[in-house]
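Read through the structure below, which is laid out as structure tokens, and then see the notes.
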Amino acid sequence: MAVDPFSDVLTLSKAEAVVTGGFTAGGPWSIRFPAREKIKFFAVVKGSCWVHLEGAREPLLFETGDVGLLAKPRVAVLSSDPALEPVDAMSLFSNVGRNAVAVVGDGGDFGYIGGHVMLDPIRGKLLADILPPWILTRAASPHAAAFRWLLDRLIEERTGGRPGSQLASSQLTQLLFIEILRSHLGTAKLMPAGWLRALAEPRIAPALRLMHGDPARSWHLEELAKACAMSRTSFAFHFRTVAGVAPLTYLATWRMHLAERSLRDERTAVATVARSLGYTSESAFSNAFKRANGKSPSAYRASVSGLDKTVPEQTNNAAPASETAF
């Protein structure tokens, strides 16, 4: 299978999408959801609603099949009518269990599912910091067929009670998250320069695949430019335009991300990490790592040594009441 830099980044970030619940509504209703330090996503599976995000001038109308991803903390008001006074979600859903579907009013007009994306507390910044505050994908987009299929199957798995439904729901939710990001990559020309825009740029994709496929190799600009069928000068200019950094700077940064992952494993010697990333000596690697992170590899390892032990406990905690619906 060909090297896939996008999958590399998602794997490195430990991005895992989880559906936390949903609600149905009928009649007039309006709910205010608090801002959370998480990447949230949601989809309208029946009817329509208005979504007014903190800082936005006007509310947006969401219709069946529309999907949104909120990457920055924002208060959100969902309603049948923007003129209605919202009810606080914490009080409304305080008795709703995790992964449950709450009912507002008679529940007959509107259906909604929501969740969030769990990320590695350190390497997750690689993804979180580059996402725009808000991504909206309409049901009429080129990704509509994939969204419809995933949402239909997700609802079926969550309500059907079939064997393996928990695992199937988890896999479908992850696919939904990837499709949301793919839809965003389709707007690459509107993105600021950065690795996300670079991953969506077909002209430099061959070079990215080479660097991600063999990060330890001492790649030369001429080799990368040739793979992209460009001159050295044109390639360097185009790469910097879309990625925001020079090609070899991108490679060095990616190596440091891989080094951080390896150093989280206390059993892996620093010298082994250095060799795996193409450094000729442990000292050369240590100097490069310290320039990039401000700490030596050993100091970095000590600073994160207890973090992995706490992550499972954090992610298994019950979601706040409002997060069972949003």
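Which shape class applies to the stretch 215-263: rounded if a/c is under 1.5, otherwise prolate when a/b exceeds b/c and oblate if not, where a ≥ b ≥ c are the square roots of the Cα gyration tensor eigenvalues?
Judged from the Cα gyration tensor, the stretch 215-263 comes out oblate (a/c at least 1.5, b/c at or above a/b).
Quickly work out the TRP149-to-SER305 label distance, labels modelled 7 Å from Cα along the C-beta direction, and quote it in nm with one decimal.
4.9
Report the dimensions of the stretch 1-153 along its three principal axes from the alpha-carbon atoms, largest first, rounded to Å.
Each principal axis gives a Cα extent; for the stretch 1-153 these are 51, 34, 32 Å.
Taking all protein chains in place and a 1.4 Å probe, what share, in percent, of the accessible surface of the chain do carbon and sulfur account for?
After summing per-atom areas, the C and S share lands at 54 percent.
Return the FRET efficiency for the residue pair LEU190, ALA252: r is the Cβ-Cβ distance, R0 is 30 Å, and the value is rounded to the nearest 0.05.
0.60
How much accessible area per residue does the stretch 36-110 have, counting only protein heavy atoms and a probe of 1.4 Å, in square angstrom?
About 51 Å² of surface per residue is accessible.
For HIS257, what accessible surface area do you get with a 1.4 Å probe? Give it in Å², rounded to 10.
40
Grab the DSSP H runs of the chain that are 4 residues or longer, score each as -39,500 (n - 2.57), total them, divide by all residues and round the 222 nm result to the nearest 500 deg cm²/dmol. Could you put the intermediate results ahead of the total?
Details: 14 runs with 141 residues, N = 326.
Value at 222 nm, helices only, nearest 500: -12500 deg cm²/dmol.
With a 1.4 Å probe and all protein chains left in place, how much accessible area per residue does the stretch 169-213 have, in Å²?
43
Is there a quick way to get the dipole size of the chain? I mean about its Cα centre, with the Cβ of Lys and Arg at +1 and of Asp and Glu at -1; what is the value in debye to the nearest 20?
Dipole magnitude for the chain comes out near 1160 debye.
Within straight cross-link reach of LYS290, meaning Cα distance under 15 Å, which aspartates and glutamates are found once same-chain residues fewer than 8 apart are removed?
Excluding near neighbours in sequence, the set is GLU260, GLU282.
Of LYS40/LYS125; LYS14/LYS46; LYS14/LYS125, which sit over 22 Å apart, Cα to Cα? Please report the intermediate quantities before stating the final value.
On the way: LYS40/LYS125 15 Å; LYS14/LYS46 31 Å; LYS14/LYS125 10 Å.
Over 22 Å Cα-Cα: LYS14/LYS46.
Arranged from highest to lowest average of other beta-carbon atoms within 10 Å per residue, in what order do the peptides 292-302, 9-19 appear?
Top to bottom by mean Cβ count within 10 Å: 9-19, 292-302.
Please grab the % of Cα pairs in the chain that end up more than 26 Å from each other.
Above the 26 Å cut-off, the chain has 54 percent of its Cα pairs.
Mean Kyte-Doolittle of at least -1.0 plus a Cα span of 27 Å or more along the axis: flag which DSSP H helices in the chain meet both, please.
Both cut-offs are met by 165-185.
Compare the peptides 123-129, 216-222 by average per-residue count of other Cβ atoms within 10 angstrom and give them in order, highest first.
123-129, 216-222
Let's test the formula: R0 of 51 Å, r as the Cβ-Cβ distance of TRP134 and SER296. What FRET efficiency results, to the nearest 0.05?
Taking R0 as 51 Å, the efficiency between TRP134 and SER296 is 0.85.
The values are calculated or read from the model by the stated rules, or taken from the named source; none is laboratory data. The shown structure was predicted, so the numbers you read here are calculated from the model rather than taken from an experiment. Positions of Cβ are generated from backbone atoms using ideal geometry, with glycine treated the same way; all protein chains shown enter the neighbour counts. Quick note on the areas: whole protein, heavy atoms, side chains included, nothing else; ligands and nucleic acids left out. Shrake-Rupley method; radii C 1.70, N 1.55, O 1.52, S 1.80 Å.
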